[in-house]
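Chemist: The structure follows.
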Amino acid sequence: MLAISTHPPSPTQTLIVSPMRASLSLLRSLSYSLHHHRHLLHHSIPTTKPHRFSSFSLASTSSASHSTFVEHSASRDSSSEEERWEYFNSSEKASGKSEGGSLGFDVGAAGSEMKHLGAPSLEVKELEELPEQWRRSKLAWLCKELPAHKAGTLVRILNAQRKWLRQEDATYVAVHCMRIRENEAGFRVYKWMMRQHWYRFDFALATKLADFMGKERKFAKCREIFDDIINQGRVPSESTFHILIVAYLSAPVQGCLDEACGIYNRMIQLGGYQPRLNLHNSLFRILISKPGGSSKHYLKQAEFIFHNLVTFGLEVQKDIYAGLIWLHSYQDTIDIERIMSLREEMRQAGIEEGKEVLLSVLRVCSKEGNVEEAERIWLKLLDSDDGIPTQAFVYKMEAYAKIGEFTKSLDIFREMQKLFGSATVPAYHKIIEVLCKAANMEIAESVLDEFVKSGMKPLMPSYIDLTNSYLNLGMHDRLYLAFSECLRRCRPNRTIYNIYLESLMKAGSLDKAEEAFNQMHNDETIGINTKSCNTILSGYLSSGEYVKAEKIYDLMCRKKYDIELPLMEKLDYVLSLTRKQVKKPVSLKLSKEQRENLVGLLLGGLCIESDEDRMNHMLRFEFIENSGMHSVLRKHLYDQYHEWLHPSSKLSDDGDNIPYRYSTISHSYFGFYADQFWPRGRPMIPKLIHRWLSPRAMAYWFMYGGHRTSSGDILLKLKGNLEGIEKVVKTLKAKSLDCRVKKKGRVFWIGFLGSNSTWFWKLIEPYVLDDIKEEFLKEYGEASVDRAEETRNISFDSGSDSDGNASDYSDGGSNV
C-alpha cells in the first residue's frame, strides 16, 4: 500500500541531513511555489506595492469539471465574473445540450445574467506577504497536496496541521482550490474550518464557494453553504440565490422543482431582491412543462411569479399569459373572472390569442357547459392557419354533454372521424363515457366495438365506464359478459374488479363474489382496498356467514380499513356473540414478508426520518414518475404497508391515483431499522447484512433501486461507507454472484455483468412482481441469456456508464 504523508517536509530536518542540497532544494521549492502563485494571481495583483490585504475576483481555469451538465472547454485565463459565467454557458452550448434543455427551458438564459449580479469581494493575504518562510512553505505544500486526495485523506492531512493552521491560512488554501477549479477540495477545506475552535464565519468565502458549487450544478453542497449563511443570521447574496435556483432547475432529481420555488420565494421575501427576467421566465416554464394534472398544483406559484413580473415592471411575454390560463383551465374549481382578466390584459398589451389560449378556454367551456363560448372559440380555431386540433373535438363533445345534448356530442365525434379518417383514443374514451352517462348502451357498445377493432389502446377506461353503467342499470348479465371480454383484452385492475364484485353481491351470487375477492387478495397486481372489503363484509353479514365476516373484520383491522357505519351496527351484534369488542387492535406488527422486503427497500434507497430523541421513526417512499417498474411497485407497496401509512397518504375508497410519494406514521417499531440502516440520520450498511440479504430482499432492492442496461447488465444502487460495501460484495460472492463496484457522487453501483446478471435474475425472479417480470422478459426475453458472453468483458470502471436512474444523486451524479 502506498503511504501518504500527512506532514509537509520540514526545512529544518532537511538542512541537518545535507545543508547545501537542502538549501538549494528549499530555494527551488519556494521559487516554484511563488512563481506558481504569481501566475495564478497575475490578473489580480496590483502593480503598485500591495497592501496587507488585496481584494480580487476568483478566476476560472481550464481544469476538468466533474459536473455532468457542463462540458469542459478551454478558457484558462478568464479573470472576471462575467468571463467565468460566459465560459460556463458556452460550454453548455458546445455540448449541444443541457439538462435544463431537456426539461423545456434554457438554463443558460437564466445563467447568462450572472454578470449583472453583485457579490461580496473576497480578501485574502498573498503568499509572499507572509512573514514566516516556514508558513509559506507549508501553505504551498498544502495547496499542492490537498486537491489530489479524496475526502478522508484530505481531512487527515488537515488534522495533522492543527497546531499551526489558522483561519487566514485555511482560507487561503480554500481560495487556491477555487482558483484552480478544484471546488470539491475547497468545499472540504471549508467544512473542516467550520469544526475548528478558531473558526469565524466568513460571508465572502461562503458566498464564493456556494456560487462555485452551484455553477457546477452541485446543488446539495450549494444548499448546505446557503443554509450555513442563513444560520449565521446573514442574508445570502443575490448571486447565491440566483445560482442555487438555476442549479435546482437543472437537476433531473425529483423534488428539486419544489426546492427551487422555495428559494425563489425566499429570494424576494427574505432577501428583498428583484430576480432577473430570465429567472422568472425559466422557473415559470418549468412549472408548466409537466402534464396538466401534475402542474395544476403550481397555480399559486405561477401567479406569484406573474405578480412579481408586473410589480417589478418587467416584460410579461405571451407564453406567460398562455401558461397561466392553461394552469387555470385544469383546476377543479375554475376562476372564470381571473381567466377573463388575463385575456383582457393580453388584448390591451396587443398580444394575439394563440391556439394554446383558445384550447385552454375551450377546456374551461367543456367543464362549465358554456356552449355559446365554445362555438365562438371553435370558429376562431377554424380560421386559424393550423386548423382545428383533435383536443378541440373532445372538449366540444364534453361541453354539449354537460347540457344533456348527447346526440350532438355523437355528431361531433362522427365529424371528427370524417375529417381525420379516424378518431383519437381520448375521443373514443370521451364519447363512450358520454353515451354511458346517457344510458344509451347499444350505441356505447357499438362505439366500443369500433374502438377494439381499431387496435388502439388503452381500452380499460371505456370498459370501466361500460360496466359501471350496467351496474347502475342492474344489467348484471351484460356486465359479466363485458367483464369477461375485458379480461381477455386488457390487464385487469382493482377498479373493474370492485365493480364486478359489487354486481355479484347485488345479484346474490355470494360464492362467485367470494371467489373474486380471494382472487383480488391473492393477486398482488390487483389487490383489495376498503371498498372491496366492505362489499364482501356486507354480503357475509346479510347471508349469516358470521365466521367469515369475523375474518374479514380482522383483516380490515390489520389493514386499518374503515368499516361503514351500517355494517358496524351488525358487527356489534355478531362480535358480541363471541364476546369480542368492536375495536381495532392498538399495536401494529410487521409480517415476515414486510420485514424481509424492508431490508431490500432500505438498501435501494428508502429513507427513514427520526424525531429528535430517535424514539419514533417514519418511512418515506419515493418513486420515479417516468419509471414503469416504479409505477407497478408503488401500488404494490401502498397495499402491502397500508396499515402503516400516514392518514394524509391514504386515498378515498374510490381513489386509485396512488401518489409517487407517501410515508408511514411515525412509530417506535421502526427503531430497529433506523438504528441499523440510518444511524445519526445517514444511510449505513449494517454489520449483519450477510444474515438478512435473502433472495426476496435482493428482489425488492432491484425493484426499488435497480436498473437494467440496454446490454442486459443489472445495476443496483447502494449508499454507505466503503466497509459496508465490501460486506455486501462478500455476501453476494458467497451466493456465487460475482459483481463489480463503481462509485458516482455519493452513490455506489453494484454491477452484475454478463452471465452474472442472468444468475442474479434467476435468483430473484420468484419474488419479482408479475407485471415487472412480464415487462422484463418482454423487453429482453431469451436474448438476455444470449448476450451474456457479449457483455462479460464490459469495463465497469469506465466513466461512461449510465446513471440515469440515480434519482437521489446529491450533486448531480458527479464522479469522485
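Chemist: Is it the case that residue 690 is open to solvent by 30 Å² or more (accessible area, probe 1.4 Å) and either among the small types (Gly, Ala, Ser) or within 19 Å of residue 631 (Cα to Cα) (or both)?
Modeler: Here the answer is no, as residue 690 does not meet what is asked.
Chemist: I'm trying to understand the selection: among the residues of segment 148-160, which are at pLDDT below 90 and either within 23 Å of residue 122 (Cβ to Cβ) or of a type in the set (Ser, Thr, Tyr) (or both)?
Modeler: Across segment 148-160, the qualifying residue is only 153.
Chemist: Could you list, in sequence order, the residues of segment 217-241 that are under 21 Å from the mean Cα position of the chain (by Cα) and open to solvent by less than 10 Å² (accessible area, probe 1.4 Å)?
Modeler: 217, 218, 222
Chemist: Okay, next question. Those residues that are open to solvent by less than 20 Å² (accessible area, probe 1.4 Å), assigned to a helix (DSSP H, G or I) and closer than 21 Å to residue 486 by Cβ, I need them from segment 400-446; list them, please.
Modeler: 427, 428, 431, 432, 434, 435, 436, 441, 444
Chemist: Just checking, which of 303, 345 is outside any loop (DSSP other than H, G, I, E, B) and over 26 Å from residue 241 (Cα atoms)?
Modeler: Just a single option satisfies the conditions, and that option is 345.
Yes or no, residue by residue, for (1) in contact with a Leu (Cβ under 8 Å, 6 or more places away or on another chain); (2) modelled with pLDDT under 95:
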| site | (1), (2) |
| --- | --- |
| 367 | no, yes |
| 386 | no, yes |
| 407 | no, yes |
| 421 | no, yes |
| 429 | no, no |
| 436 | yes, no |
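Chemist: Where the second residue is in a helix (DSSP H, G or I) and the first is without any contact (Cβ under 8 Å) to a residue 12 or more places away in the chain and lies in segment 279-305, which pairs have Cβ atoms under 9 Å and are six or more apart or on separate chains?
Modeler: Every condition considered, the pairs that remain are 290/257; 290/298.
Chemist: Please pick out the residue among 212, 203 that is of a type in the set (Phe, Trp, Tyr), touching a residue at least 40 places away in the same chain (Cβ under 8 Å) and either in contact with a Gly (Cβ under 6 Å, 6 or more places away or on another chain) or farther than 21 Å from residue 250 by Cα (or both).
Modeler: 203
Chemist: With the requirement that a residue be in a helix (DSSP H, G or I), over 19 Å from residue 309 (Cβ atoms), in contact with a Phe, Trp or Tyr (Cβ under 6 Å, 6 or more places away or on another chain) and of a type outside the set (Ser, Thr, Tyr), what does segment 245-266 give you?
Modeler: Scanning segment 245-266 gives 247, 256, 259.
Chemist: Here's a follow-up. Anything in segment 195-215 that is touching a Ser or Thr at 6+ places or on another chain (Cβ under 7 Å), open to solvent by less than 10 Å² (accessible area, probe 1.4 Å) and either among the hydrophobic types (A, V, I, L, M, F, W, C) or part of a loop (DSSP other than H, G, I, E, B) (or both)? List them, or say none.
Modeler: Within segment 195-215, 205, 210 meet the criteria.
Chemist: Is there any pair with a first residue in segment 594-618 that is assigned to a strand (DSSP E or B) and a second that is surrounded by fewer than 16 Cβ atoms within 10 Å (Cβ to Cβ) and among the small types (Gly, Ala, Ser) whose Cβ atoms are under 7 Å apart and which are 6 or more apart or on different chains, and what are they?
Modeler: Pairs that qualify, where the first residue is assigned to a strand (DSSP E or B) and the partner is surrounded by fewer than 16 Cβ atoms within 10 Å (Cβ to Cβ) and among the small types (Gly, Ala, Ser), are 610/681; 617/666; 617/671; 618/666.
Chemist: A further question on this structure: For segment 652-731, please list each of the helices (runs of 4 or more DSSP H) lying entirely inside it that holds at least 3 residues being closer than 22 Å to residue 767 by Cα.
Modeler: 689-692, 695-705
Chemist: Same structure, new question: In segment 267-278, is there at least one residue being open to solvent by less than 10 Å² (accessible area, probe 1.4 Å) and not in a helix (DSSP H, G or I)?
Modeler: The answer is yes; a qualifying residue exists.
Chemist: Among (1) crowded, with 20+ Cβ neighbours inside 10 Å; (2) touching a strand residue (DSSP E or B) at 6+ places or on another chain (Cβ under 9 Å); (3) assigned to a helix (DSSP H, G or I); (4) in contact (Cβ under 8 Å) with a residue 60 or more places away in the chain, there is one condition residue 637 misses while meeting the rest; what is its number?
Modeler: (4)
Chemist: Being within 23 Å of residue 724 (Cα to Cα) and at pLDDT below 80: is that true of residue 579 here?
Modeler: Taking the combined requirement at face value, the residue does not satisfy it.
Chemist: Could you tell me which residue of segment 153-194 is farthest from residue 208 (Cα to Cα), considering only residues that are open to solvent by 30 Å² or more (accessible area, probe 1.4 Å) and either of a type in the set (Val, Ile, Thr) or touching a strand residue (DSSP E or B) at 6+ places or on another chain (Cβ under 7 Å) (or both)?
Modeler: Checked segment 153-194; the qualifying residue farthest from residue 208 (Cα to Cα) is 155.
Chemist: Moving to a separate point now. In this structure, is residue 356 closer than 25 Å to residue 387 by Cβ, open to solvent by 70 Å² or more (accessible area, probe 1.4 Å), part of a helix (DSSP H, G or I) and without any contact (Cβ under 8 Å) to a residue 60 or more places away in the chain?
Modeler: Against the criterion (closer than 25 Å to residue 387 by Cβ, open to solvent by 70 Å² or more (accessible area, probe 1.4 Å), part of a helix (DSSP H, G or I) and without any contact (Cβ under 8 Å) to a residue 60 or more places away in the chain), residue 356 qualifies.
Chemist: Please go through segment 664-683 and pick out each residue that is touching a strand residue (DSSP E or B) at 6+ places or on another chain (Cβ under 7 Å) and crowded, with 20+ Cβ neighbours inside 10 Å.
Modeler: Answer for segment 664-683, where residues must be touching a strand residue (DSSP E or B) at 6+ places or on another chain (Cβ under 7 Å) and crowded, with 20+ Cβ neighbours inside 10 Å: 664, 670, 673, 674, 677, 678.
Chemist: Let me ask something additional. Mind checking whether some residue in segment 287-299 is open to solvent by 50 Å² or more (accessible area, probe 1.4 Å) and more than 24 Å from the chain's Cα centre (by Cα)?
Modeler: No, every residue in segment 287-299 fails to be open to solvent by 50 Å² or more (accessible area, probe 1.4 Å) and more than 24 Å from the chain's Cα centre (by Cα).
Chemist: Moving on to the next point. Cβ-Cβ distance below 7 Å, separation of 6 or more or different chains: which pairs start in segment 435-453 with a residue that is within 17 Å of residue 416 (Cβ to Cβ) and end on one that is open to solvent by 60 Å² or more (accessible area, probe 1.4 Å)?
Modeler: 435/406
Chemist: Same structure, new question: (1) over 22 Å from residue 631 (Cβ atoms); (2) in contact with a helix residue (DSSP H, G or I) (Cβ under 8 Å, 6 or more places away or on another chain); (3) open to solvent by 20 Å² or more (accessible area, probe 1.4 Å): which one isn't true of residue 659, the others all being true?
Modeler: Failing condition for residue 659: (1).
Chemist: Next question. Output the residue which, of all residues in segment 710-734 that are in contact with a strand residue (DSSP E or B) (Cβ under 7 Å, 6 or more places away or on another chain) and among the basic types (Lys, Arg), is most open to solvent (accessible area, probe 1.4 Å).
Modeler: Among them, the one singled out is 719.
The values are calculated or read from the model by the stated rules, or taken from the named source; none is laboratory data. Just so we're clear, the structure is a prediction, and the values are computed from it rather than from any experiment. Here Cβ is always computed from backbone atoms with ideal geometry, including for glycine, and neighbour counts include all displayed protein chains. Areas reflect the complete protein model, heavy atoms only, side chains present, ligands, DNA and RNA absent. Shrake-Rupley method; radii C 1.70, N 1.55, O 1.52, S 1.80 Å.
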